[in-house]
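Bear in mind these aren't lab numbers, they're just calculated from the coordinates by the rules spelled out. Bear in mind the structure is a predicted one, so any value in this text is a computation, not a measurement. Neighbour counts run over all protein chains shown; Cβ positions are idealised from the backbone, glycine included.
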Amino acid sequence: MDPIEFELFKNAIFSIADEMALTVFRTTYSGVLKDNMDYSTGFADAEGKLVAQGLTLPGHLGSVPTAMASIMRHYQDDIRPGDVFIMNDPFDGGMHLPDIFVFKPLYHEGERLAFACTVCHHTDVGGRVAGSNASDSTEIYAEGLRIAPLKMYEAGVLNKTLMTFIEKNVRLPVKVFGDLRAQLAACHIAEKQFAELVAKYGAGQTTLYMRETIDYAERLTRAALEKLPDGEWSFEDWIDDDGVDYGKPIRLFVTLRKRGGHMVVDWTGTHPQVKGAINNTLSFTKAASYTGVRSVLPQGIPNNEGVFRAIEVICPPGTVGNGVLPAACAARGLTGFRMTDCMFGALAMMLPERVKAAGDGGNTGVSIGGYDAERKPFIYVDFTCGAWGARPWADGLDGNSHMFANMASHSVEVTETEQPMQFLAYEFVPDKAGAGKYRGGVPFRRDYRFLEEEGVLQVRSDRRTHRPFGLYGGSPGGPSENYLNPDGENRALPSKFTMTIKKGDVFRHVLAGAGGWGDPLERDPAAVLKDVRNELLSVRQAEADYGVVVIENQADMKATAKRRAEIRAARGWREVPAVQREDPLPKTRKAA
Amino acid sequence: MTSYRVGVDVGGTFTDIVLLGSDGTIHSKKISSSAENYAQAIVEGLAEVFRETGLRGDAIEEIRHGTTVASNAILEHKGARTGLITTRGFRDVLEIRTLRMPRMYDLTWTKPAPLVERYLRQVVDERVNAAGVVERALDPRDAERAVDALLAERIESIAVCLLHSFTNPAHEVLLKDIIRRKAPALPCSISCEVLPEIKEYERTSTTVVNAYVTPIVARYLRALRKGLDDAGVRARLLLMQSNGGLTTDAAAAERPIHIIESGPAGGVVGAQALARARRMPRIISFDMGGTTAKAAMVEDGEVARAHEYSVGAGIMIGSRLLTGAGYTLKVPAIDLAEVGAGGGSLVWIDAAGALQVGPESAGAAPGPVCYDKGGETPTLTDANLLLGYINPAHLVGGALKLNAAKARDVFTKKIVKPLGMSMERAAHGAHLIAASNMIRAIKAVSSERGRDPREFALFAFGGNGPVFACGMAQALGMKRIVVPPSAGLFSSFGLLYAGVEHHYARTFRRLLRKADSHELERAWDELSQKALEQLASEGFAEKKARVRRSATLHYQGQTYELSVPLPDGPIDLAYLEEAFGREHEKTYGHRAGADEPVELVSIQIVGQGLREGASVPARVRPSRAEPAPPPPRPAYFGSWIETPVMRRSDLARPRSGPLIVEEYDATCVVPPGAKAELDGGGNILIDLP
């Protein structure tokens, strides 16, 4: 193995994977796909093992190998030049129905050397609710079109029957076909550039280097894991409910077992699968696990099979982390985000100085769909999140995507131009960030005003009864909130629901605040003052949470010392609590 | 009397000054930048040139200037204390940004701090809807309250950005009137004037950046003007813009948003001009210095431009996917792809035992090991020295002495021994890996836009560009390399080729098939009028002004646009639709069916001031005498070859590689099998087999 030639090869193949990703990004029709970077591209070797993945969505880290395994299972001896595979079935290698995989085998002189892989979240794949992401479906059959691993092209010939089937079963076929075109374009680019790579290195060396790319990532991962302490750590957290069995909490439980260069992430003890559509496939649980572990490993380790070899993920079938038929899974994003947060909790037990507290819980999904006066369908899908848990060295970020998704918000002005929708607010909400030596991220609210005659509003949110946890003395963040017509009836709505709305109705969603890190009484009064000045923290709350007495924009240091001593006595900690899910003192002083 | 035009490029470390005489003579000067007072360095540098040459201030006809003064103010958070007024409910648009972060698994990520802190962001109770209809009128008393509150905070600059103001600016105009009345001297940036385009975050961010740097840039330009006047230089001062065109100092002080990426533009514009003169329709410019390498594309004589970019985003491979760093500016700029690879890039071995180069750099201090200024980590420059590519004894015409023995010792200890390979294989490996990192920048501006790099010539400059150019071209299958005169000073030299240029744009969103071509014509005419008025005020009236139109479009439902130029004459919507389809196919390899609706998103105007005759003579003559060339030395091209070292003028007749051309400001490596010769303009042309 020539280490230099190998480095050059590795550079080249990851650059192709990124170029595929850019191709999808720029030609896509779907705002979900583009703004949430909800797609991935990559290469697998001839056996379907992931070699390189483009830099897009952490949530897809486990997806390609699982889907490839399914293709190999079904078509082992029936893969030919000019074939293109398509699939989305969660129970046969997929994740949830909107994620459609397109794979193309790549050949050199008749020999299969690799697969170009793409997976994209499509705007709609049919089913009972526009956008195909309802959280209250109770079986997969309500969620949309289920595509088993099939050939979209067979030896270069388009499967028209299949395409017609898709066309007639989705709400916006132009968008779906437009995005499938983008996926095909990415595969073509991969095919062309891969051929150049093979021409340069030869088929034998190419195969060898692809294998070495995987081994290289494994070595890097193991070397990094070696540096972490050995041992076993567990963490638990709860999702409020599944939106069907209201008020019934769903337990997530993870155990990390780390020895030398190997880590086991074991989800045994996690709640059985639920009726609501938040059941993960195992591949998605893997993605959450890898994302957590990767956040404490050095940057720059390539995404491929090698990483997965060093990190073993276990989750028993029939749990919310590994659903089996007929589990509904359209809104499983929620579980993925929360498993990532649960990983952060476990990792914080392992590495107290390196990991953040819980953020807002990952994105809230809001979709509004219906038909306009001319019976033309509209679908508005919005995912939003933004508050990071506090870090052991710094405040949580305000207005920054959850690490599991790295999504972007859609422009208010563009949305208002394209959709029957108006925004009345998109701004920070004070007094909801979890207190701490470093405070949690400040959440925001979004107020949506609906402008069509009638539509169906569907919301998937959480962190209402189980608030984002604080770490090592930090307080939990404030809960999420939903309201209908806040300036009128101001009706409180549950965290997950589907309802009919009428013209002029306003829906308000307030994200949960993120958890704090460290004892709030150790927070620098100047930092407290800064938040007060910026109206992210009220004077009243500054005193209640931090014991900082603010008078006319100044901290009264004497009164602060006194107040801090009182709080210290009242909460009576014998040791600093590692995890807090409720406030250390009852929130009697908190404003409504 | 010979008159001179001056190009001045102020970088972080060096200020480069080039004087070009009407007779083709060139004087150049490289001096240390003074971070405290960039203007002073320029004036003192010019004074030194005057002393050395006997020239006087009145011999200077024009000064063209590329500056990082605005981008530095942003990077260092040393801009003006700025206030912002926004629509109620949207106070945090500036700070929430797009939510996205540029790093995937990094718990240490820190968002760039907002340029206007929350307490300096005031809201007003008003609402204009997407159709431009006022749904909630702005009460002047509320507007005055917001302005007063900010004035009470002693702000030095103010920005206003309300929702949908690009469709109906009435409320922003009302606020502007109030600000003018209450604080006539306060710099005031209004979003409907700075950027009348859709997308509230991009518009707010752009308007705020403009407000944030206005007082700094204005102060700087005043100081520079005064310094020049005091030195007897009365020549007019033109500033390089991020888009590659020049603007007057007055216009730059008003809209500094256009000169943020002024620095790297000069070299690209110079490359474009030389390529046009040589009738090379397609080139990729490649500029490599001490810390970064930058690529840009010129196609059919036009520089590819981006409509949006981030300032202060840092340098990341794959950054086109990972956005969210820095501060977003939605103004046209030369589309530069940048990677962290330069002479100072560190060479190291990662945890899995692989050889890596960069992105960390040894910087100016301590610098490469061979500079002998305390650097203990090998760099690319050390590798190039060990390979015999650069002079082992000294650089910059002898001004910088090198310690080759030390470079060899450190490289052996830290790289060669752990890798268990020979010195030359390891050094060559580092060279190749750096080249492959930089190739990603070239691919970013070519193949990622559907262009095949093999159809382009590589135009290499910067101190290190010509060291790497041939190897990179070989790897990409590019056949022709061009190395211009004064390659190491080309960023300032390139300024001399630029023309005056102004860009205007506005959102004009509608389905092409439902668009009214007369209405479109009127909208374009309004923008043209603005451009022509601006040009006329700068001395380019009527025939000296040229205006070109372009539009950005996408298929309805897509969220990314492509730009299409429009020929002069009546507007032909069918042509526009077809041109867009062609561009989509060219860039992405596919286009939608004919029945798929195309949406117009925005329209643009570029106004150019035309000057008579060529801006730079075809043949330029450096005043610096070429020193005698050093003796041949062994250089490594897969094996050691005794390689002749030459002066540029030695290439007056064609020669075959291997050979090395050593100059005051750059070194050019020509590998075995390649042919090199000078063209009539003093460029080195290299053809690969």
Whole-Hz couplings from phi, Karplus 6.51/-1.76/1.60, listed for the range B:422-427; x for Gly and Pro: 6, 3, 5, 5, 5, 5
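Can you tell me the relative contact order of chain A? Whole percent, Cα pairs under 8 Å, sequence separation 6 or more. Walk me through the numbers before you get to the answer.
On the way: 1543 pairs, mean separation 69.2, N = 592.
Contact order relative to length: 12 percent.
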Full-extension gain in nm, A:T268 to A:E139, via 0.36 nm per residue minus C-alpha separation: 44.1 nm
Efficiency of FRET between A:E167 and A:E575 - r from beta-carbon atoms, R0 51 angstrom, step 0.05: 0.20
Label point distance in nm, B:K586-B:D139, each placed 7 Å from Cα along Cα→Cβ: 5.5 nm
Residue-averaged beta-carbon neighbours from other chains (10 angstrom radius) around A:20-29: 6
Between helix A:160-169 and chain A: long-axis angle, C-alpha atoms, 0 to 90°, nearest 10: 20 degrees
For A:A277, net neighbour charge (Lys/Arg +1, Asp/Glu -1) across residues whose Cβ lies under 11 Å away: +1
In degrees, nearest ten, helix B:140-152 long axis to first principal axis of chain B (Cα): 40 degrees
Structure-based [θ]222 nm, chain A - -39500 (n - 2.57) summed over DSSP H runs of at least 4, per residue, nearest 500: -10000 deg cm²/dmol
Set of aspartates and glutamates with alpha-carbon distance to B:K406 below 19 Å, sequence-local pairs under 8 removed: B:D372, B:E376, B:D382, B:E424
Cut-off 15 Å (backbone N to label point 7 Å along Cα→Cβ of B:R619), residues of the range B:628-656: B:649-653
Residues B:D106, B:D595, A:D38, A:D519 arranged by fewest to most Cβ contacts within 10 Å: B:D595, B:D106, A:D519, A:D38
Whichever lysines have a C-alpha closer than 16 Å to that of B:K30, once near sequence neighbours (fewer than 8 apart) are set aside: none
Ordering of B:211-219, A:399-407 by packing [mean C-beta count within 10 Å, highest first]: A:399-407, B:211-219
Per DSSP, loop GluC sites (Glu not before Pro) in the range A:80-185 with at most 13 further Cβ within 10 Å: A:E109, A:E139
A:E489-B:K373 pseudo-label distance in nm [points 7 Å out on the Cα-to-Cβ vector]: 7.2 nm
Mean Cα-pair separation over length for chain B, i.e. relative contact order, pairs under 8 Å, 6 or more apart, %: 12 percent
Between the range A:347-385 and the range B:427-450, the Cα center-to-center distance that results, in Å: 37 Å
Inter-chain shielding of A:174-187 (mean C-beta neighbours from other protein chains, 10 Å cut-off): 3
For the range A:356-592: lysine pairs under 16 Å (alpha-carbon distance), excluding those fewer than 8 apart on one chain: 5
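When only Cα pairs under 8 Å and 6 or more residues apart are kept, what is the percent relative contact order across the range A:3-220?
24 percent
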Ranked packing of B:627-635, B:449-457, most packed first, by mean Cβ within 10 Å: B:449-457, B:627-635
Residues B:H394, B:H502, A:H466, sorted so that the one with the fewest Cβ neighbours within 10 Å comes first: B:H394, A:H466, B:H502
Spin-label pair A:L451/B:A652, simplified geometry with 7 Å Cα→Cβ offset, distance in nm: 7.3 nm
The range B:301-308 - phi-based ³J(HN,Hα) in whole Hz, Karplus 6.51/-1.76/1.60, Gly and Pro as x: x, 10, 6, 6, 10, 9, 8, 8
Residue-averaged beta-carbon neighbours from other chains (10 angstrom radius) around B:111-121: 3
Two-site FRET efficiency, A:D78 against A:A195, from Cβ-Cβ distance with R₀ of 25 Å, rounded to 0.05: 0.65
Fewest-first sequence of A:D136, A:D398 by Cβ atoms within 10 Å of each Cβ: A:D136, A:D398
FRET efficiency, 1/(1 + (r/R0)^6) with R0 45 Å, evaluated for A:V157 and A:Y246 via beta carbons: 0.35
Ranked by how many other beta carbons lie within 10 Å on average, peptides A:173-185, A:112-124 from highest: A:112-124, A:173-185
Counted charge near A:G370, where neighbours are those whose Cβ lies closer than 9 Å (Asp, Glu -1; Lys, Arg +1): -4
For A:A46, residues with placed amide H under 5 Å, excluding near neighbours: none
